[in-house]
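Read the structure below first, then the notes.
The values are calculated or read from the model by the stated rules, or taken from the named source; none is laboratory data. Bear in mind that the values here come from a model prediction, so they are computed numbers and not experimental data. Positions of Cβ are generated from backbone atoms using ideal geometry, with glycine treated the same way; all protein chains shown enter the neighbour counts.
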Protein chains: 4
Amino acid sequence: MTSEARPGHPDGAPPAYEWPAGKSAAAVVSVDFDGPTPYLWASRNSPKQLMGELEQRRFGPRQGVWRILALLERLQIPATFYVPGAIAEAHPAAVRTIVAGGHEIAMHGYLHERLDDLTPDEVGDILDRSMQALAAAGAAPPFGYRSPSWEMTPGAWEKLRTAGVRYDSSLMGHDHPYWLDGLVEVPVQWQLDDAIFYRYVHGSTRAPVPASVVMDDWVREVDAIGRFGGLAMLTVHPWLSGRAGRLVAFEEMLRRAGDHDGMWWATAAEVADHHRGRYQESDGSGTTEL
Amino acid sequence: MTSEARPGHPDGAPPAYEWPAGKSAAAVVSVDFDGPTPYLWASRNSPKQLMGELEQRRFGPRQGVWRILALLERLQIPATFYVPGAIAEAHPAAVRTIVAGGHEIAMHGYLHERLDDLTPDEVGDILDRSMQALAAAGAAPPFGYRSPSWEMTPGAWEKLRTAGVRYDSSLMGHDHPYWLDGLVEVPVQWQLDDAIFYRYVHGSTRAPVPASVVMDDWVREVDAIGRFGGLAMLTVHPWLSGRAGRLVAFEEMLRRAGDHDGMWWATAAEVADHHRGRYQESDGSGTTEL
Amino acid sequence: MTSEARPGHPDGAPPAYEWPAGKSAAAVVSVDFDGPTPYLWASRNSPKQLMGELEQRRFGPRQGVWRILALLERLQIPATFYVPGAIAEAHPAAVRTIVAGGHEIAMHGYLHERLDDLTPDEVGDILDRSMQALAAAGAAPPFGYRSPSWEMTPGAWEKLRTAGVRYDSSLMGHDHPYWLDGLVEVPVQWQLDDAIFYRYVHGSTRAPVPASVVMDDWVREVDAIGRFGGLAMLTVHPWLSGRAGRLVAFEEMLRRAGDHDGMWWATAAEVADHHRGRYQESDGSGTTEL
Amino acid sequence: MTSEARPGHPDGAPPAYEWPAGKSAAAVVSVDFDGPTPYLWASRNSPKQLMGELEQRRFGPRQGVWRILALLERLQIPATFYVPGAIAEAHPAAVRTIVAGGHEIAMHGYLHERLDDLTPDEVGDILDRSMQALAAAGAAPPFGYRSPSWEMTPGAWEKLRTAGVRYDSSLMGHDHPYWLDGLVEVPVQWQLDDAIFYRYVHGSTRAPVPASVVMDDWVREVDAIGRFGGLAMLTVHPWLSGRAGRLVAFEEMLRRAGDHDGMWWATAAEVADHHRGRYQESDGSGTTEL
């Protein structure tokens, strides 16, 4: 823990986050393995579905996810895969390989449904269906959860809590784990999401950012999070980061960032379990105040 | 003052701006400490408020503002914090720490209300309410003012003038202080606003710009403003620049720019007071002509 | 073939793609020679057509295409030109020069019609009309096909198949050739399309990306595709990449990428013929699954 | 003239452009001195005009134009200023200084009216009014013309021709001067327009590009245009490029590009006069074909 995290304003400044013994910060590689499901959901009421966007996204299960799995194996890094139920059903070999590699599999909707378009009961049904699909494909319950598109409603949060979800990983209220209304949040961060830099589909108005620019920024961000003692939640999508040049740049980024002294490379579930064991909800590191 | 500021066209070129003795330019660090208020205001009539955006913005009061305060203490730089009334009420410990650090606190609406959506009377009511909230939290009157979203209307300007506001800091008509219709303007500049580079929320169509790119540009801009004898108004938001990598890059930027010879690092109020003492409004450096 | 392409997950990972003897990857230079046709199609129902956009796009046939032809001659690289029928009719000298240079000419609509705005019968009529226009201008049948705007519908796909098209080059489901529903796909990639980086027209909300940034990324991408044994499909537009600075950067990029050991520089038709000879459709490297 | 401009395809390739003796390419610095007029025109029917945008644009006549004039004097470069009539009326001292500096003044509408919103008769009236305003401010007739927003209609073109305008500088059909329907076009280029990189106003969805990135690209573009024997038309706006850091970067860019051997630095009028003397319209370098 560096002095940056102890600003010396004892009356209001947040205390330094406490990691497992010998660790001063943490990093998680998370893989949002969604394939074409976001487009299938968004266009579910559209009379026509465009092959261009479908094929672009199918690159993920066909090619990208296998490259990411091989990379994780080369670097011996554990990861968390957020897998919509429909993808688990369609790609059982990929799910088997993820499990065999020692990685975590967690929930990500059934067809990548956006929570703010659903009623709480629909959220509950989708949780059930998605949990069954993952279990049928061989993943171990209970599961963590990441919301499609990283959005959340109070009604959906309540459903997650009552469904026995161990942790959520969709929000950005801290850069370390925190309690929020009865659930452990393992926070994400837009800046460490490959999609907002790389995604280009019909109708996009900006070109993708070069991988070398993005990964150089990720190295700096992981390093800075290390200095402040926080959590670096890296998120990649197989149809985007599985492309050749981005995969190479991601590997190089992990090799550079992986050298960080005291950094704990873990799955999201391991981070959530640590938090649950170390902190009580009454510590109140995250609350719903203004 | 360098020769750049004296172009030798005596019939129309603006004269070089005169700073306090021994100073040839000025820089202000300003902190728009708005937390989730811009979203709460923008979504005030919406049936649902999304937890994703709220939590992202809550990172500011929970974590970001404390990192910025610690940074200012490390570098011994005075700053001006523009604080919506609702934030001051919800975070009194942060306000106390800002005051204890010798920084200025100034008005920024009550719930970050955009002026062009308000009647002049509503502007007046919000000014009163915001002034009371800041005073109750321990800040010293009278206050400076910065409009939420940096927009302004003639009706609101009139209200600011009659309410006894000492200066406004929302407009861009010069890169040094100037009189405008009865008030001192301490001008801002989009290029030195972190938000337009870093802000990414649902519906955004462009990815954030890496901090190293933005801060490299800020170093060049502050240096150039120093050469022309102007004012560099730096603006950061705790929920954006308080993120680890951006904080590190901001600190590095301040260390590099802070070396500038003859640069006066001051609060916006100090700059406004200097202008009021040195220039009469009849000098007319800013007028409402075409 | 490097180890990256053999991730050691034999139950589901795609096998390494097999190129002609002595080659480990491939690259195609493709030229979407569309001139003003995309704008003429998009504004076909508009009461006014703006000279600004028309003239900007006319730079392609007037100047850009000749610079690209000279560049290909200097570097002795074969290319595939996708030419709308109306352009072939209006610019026969350019078509003759393309053919004389040993390059492939393939279909790209008649007036750059977007497929998702057409019925299957309209697609069929346009295929006929475009094929006739290319033949009349001196190109050799049968032709490959690239859809305007890189979009595709199942109905149009069926028309391509029954019209005897040898290959399509509009989709992104792999980064090597693959069978898809009865046709060979020679895939494209947004990241290697100059238009999404360079195109700026009235109403655009982002500035063009500098050529040095784009071409640096292309060098990295081609190199990475070479390591993974895939296909690098480069796409340039004469009205964009024919501009002086971009042409110089493109030439420099080709000189750097051209050094790649084992890279097969070919036309799209040659790549499609290789695939057709080496793989049966029943190998099913691309399917329409989720 | 380098070999790049003579691609050896004599049947269709454009011949190398012929510049005055001893010159192999040309560059023009053009200044679109519009101040707040684009916003005043765009918001002419709006019930409220925002002070934020007005003040941002007033930086141009207050400060930016004087810095640009001083820069041109330091570097001894002649420039062409495109000045809306309303600006000339409001800022006579600036017009006098431009004329005294030996620069060209040319037409740019009266209140920066977009041509595609006007009838041909309105275009004619505005031409008259704008010509009178410039003459009254001391500029010499007859004038060149640049359309606000760089758009053009056939009806407006006809009006320009019958009004005796010497040249237009709004279109992009070549990167050297050319005849188009009875008028000499001295072409512009989006890539060399500061506004599309720097402009940020309320409602913008992308941040400005750093000046160092833009000016580095301009140096490369001017160099490449020099190699191909074309015309580099640089365009800056005082409210944008007059900002301190951008001015410094622009000066550095001109110093680097100014070293180019054989480059003719001229006004747009001088370039148009050269073209008119060297080429007949029947040479037809630009036509309205597809």
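Test A:Glu151 against the criterion of being facing another protein chain (nearest Cβ under 9 Å), within 30 Å of A:Met51 (Cβ to Cβ) and within 18 Å of the chain's Cα centre (by Cα), and give yes or no. Lay out the reasoning, then the answer.
Details: facing another protein chain (nearest Cβ under 9 Å): yes; within 30 Å of A:Met51 (Cβ to Cβ): yes; within 18 Å of the chain's Cα centre (by Cα): yes.
Judged against the criteria, A:Glu151 is a match.
Is one or more of the residues making up region C:179-199 of a type outside the set (Lys, Arg), assigned to a loop (DSSP other than H, G, I, E, B) and over 20 Å from C:Ala272 (Cβ atoms)? Break it down into steps so the answer makes sense when it comes.
Filtering region C:179-199 for residues of a type outside the set (Lys, Arg) gives C:179-198.
Narrowing further to those that are assigned to a loop (DSSP other than H, G, I, E, B): C:181-182, C:186-189, C:194.
From the residues that got through so far, the ones that are over 20 Å from C:Ala272 (Cβ atoms) too are C:194.
Within region C:179-199, one or more residues are of a type outside the set (Lys, Arg), assigned to a loop (DSSP other than H, G, I, E, B) and over 20 Å from C:Ala272 (Cβ atoms).
Considering only residues that are assigned to a loop (DSSP other than H, G, I, E, B) and either more than 10 Å from chain A (Cβ to nearest Cβ) or surrounded by fewer than 24 Cβ atoms within 10 Å (Cβ to Cβ) (or both), which ones fall in region C:217-236? Before the answer, list the steps.
Our first condition is that a residue be assigned to a loop (DSSP other than H, G, I, E, B); within region C:217-236, this holds for C:229-230.
The answer is C:Gly229, and nothing else.
Residues of region A:98-157 being on the phi > 0 side of the Ramachandran plot and among the polar types (S, T, N, Q), which ones? Show your work before the answer.
Just the residues of region A:98-157 that are on the phi > 0 side of the Ramachandran plot, to begin with: A:102, A:109, A:112, A:138, A:149-150.
Within region A:98-157, just A:Ser149 meets the criteria.
Identify all residues within region A:163-189 that are hydrophobic (A, V, I, L, M, F, W, C), free of Cβ contacts under 8 Å to residues at least 40 places away in the same chain and either more than 9 Å from chain B (Cβ to nearest Cβ) or within 30 Å of C:Ile196 (Cα to Cα) (or both); write none if there are none.
We begin by selecting, within region A:163-189, every residue hydrophobic (A, V, I, L, M, F, W, C); these are A:163, A:165, A:171-172, A:179-180, A:183-184, A:186, A:188.
Pick out the ones that are also free of Cβ contacts under 8 Å to residues at least 40 places away in the same chain and you get A:163, A:171-172, A:183.
Answer for region A:163-189, where residues must be hydrophobic (A, V, I, L, M, F, W, C), free of Cβ contacts under 8 Å to residues at least 40 places away in the same chain and either more than 9 Å from chain B (Cβ to nearest Cβ) or within 30 Å of C:Ile196 (Cα to Cα) (or both): A:Ala163, A:Leu183.
What number of residues within region B:218-260 satisfy the criterion of being farther than 19 Å from B:Glu73 by Cβ and in contact with a Gly (Cβ under 6 Å, 6 or more places away or on another chain)?
Qualifying residue count, region B:218-260: 5.
Output yes when any residue across region A:29-40 is within 22 Å of A:Leu247 (Cβ to Cβ), at the interface with chain C (Cβ under 8 Å from one of its Cβ atoms) and of a type in the set (Gly, Ala, Ser), and no when none is.
Yes, region A:29-40 contains a residue that is within 22 Å of A:Leu247 (Cβ to Cβ), at the interface with chain C (Cβ under 8 Å from one of its Cβ atoms) and of a type in the set (Gly, Ala, Ser).
Would you say A:Val214 is aliphatic (A, V, I, L, M), within 14 Å of another protein chain (Cβ to nearest Cβ), out of contact with any Gly (no Cβ under 7 Å at 6 or more places or on another chain) and assigned to a loop (DSSP other than H, G, I, E, B)?
Working: aliphatic (A, V, I, L, M): yes; within 14 Å of another protein chain (Cβ to nearest Cβ): yes; out of contact with any Gly (no Cβ under 7 Å at 6 or more places or on another chain): yes; assigned to a loop (DSSP other than H, G, I, E, B): no.
In short, no.
Can you name the number of the only condition in (1) at pLDDT below 95; (2) assigned to a helix (DSSP H, G or I); (3) within 13 Å of another protein chain (Cβ to nearest Cβ) that C:His260 fails?
For C:His260, the exception is condition (2).
What about D:Gly242, is it over 26 Å from D:Thr37 (Cβ atoms), touching a residue at least 60 places away in the same chain (Cβ under 8 Å), within 11 Å of another protein chain (Cβ to nearest Cβ) and within 18 Å of the chain's Cα centre (by Cα)?
Values: over 26 Å from D:Thr37 (Cβ atoms): no; touching a residue at least 60 places away in the same chain (Cβ under 8 Å): yes; within 11 Å of another protein chain (Cβ to nearest Cβ): yes; within 18 Å of the chain's Cα centre (by Cα): yes.
So D:Gly242 does not fit the description; no.
Can you name the condition, by its number, that B:Ser149 falls short on among (1) in a loop (DSSP other than H, G, I, E, B); (2) within 23 Å of B:His237 (Cβ to Cβ); (3) at pLDDT below 95?
(1)
For (1) buried (at least 22 other Cβ atoms within 10 Å of the Cβ); (2) farther than 26 Å from D:Asp128 by Cα, each residue gets a yes or a no:
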{"site": "D:Asp34", "(1), (2)": "yes, no"}
{"site": "D:Thr37", "(1), (2)": "yes, no"}
{"site": "D:Trp41", "(1), (2)": "no, no"}
{"site": "D:Asn45", "(1), (2)": "no, no"}
{"site": "D:Glu73", "(1), (2)": "no, yes"}
{"site": "D:Pro84", "(1), (2)": "yes, no"}
{"site": "D:Ala88", "(1), (2)": "yes, no"}
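Give the residue, chosen from B:Ile77, B:Ile98, that is hydrophobic (A, V, I, L, M, F, W, C), touching a Phe, Trp or Tyr at 6+ places or on another chain (Cβ under 7 Å), over 30 Å from D:Leu69 (Cα atoms) and more than 11 Å from chain A (Cβ to nearest Cβ).
Working: B:Ile98 fails: more than 11 Å from chain A (Cβ to nearest Cβ).
Going through B:Ile77, B:Ile98 in turn, the sole match is B:Ile77.
Having 1 or more residues that are without any contact (Cβ under 8 Å) to a residue 60 or more places away in the chain and closer than 18 Å to A:Val165 by Cβ is the bar; report the helices (runs of 4 or more DSSP H) wholly within region A:47-124 that clear it. Step through it out loud before you land on a result.
On the way: elements: A:51-59, A:65-75, A:85-90, A:92-100.
Result: A:85-90.
Return yes when C:Ser212 is surrounded by fewer than 24 Cβ atoms within 10 Å (Cβ to Cβ), at pLDDT 95 or above and hydroxyl-bearing (Ser, Thr, Tyr) and no when it is not. Don't jump to the end; show me each part of the working.
Values: surrounded by fewer than 24 Cβ atoms within 10 Å (Cβ to Cβ): yes; at pLDDT 95 or above: yes; hydroxyl-bearing (Ser, Thr, Tyr): yes.
It is true that C:Ser212 is surrounded by fewer than 24 Cβ atoms within 10 Å (Cβ to Cβ), at pLDDT 95 or above and hydroxyl-bearing (Ser, Thr, Tyr).
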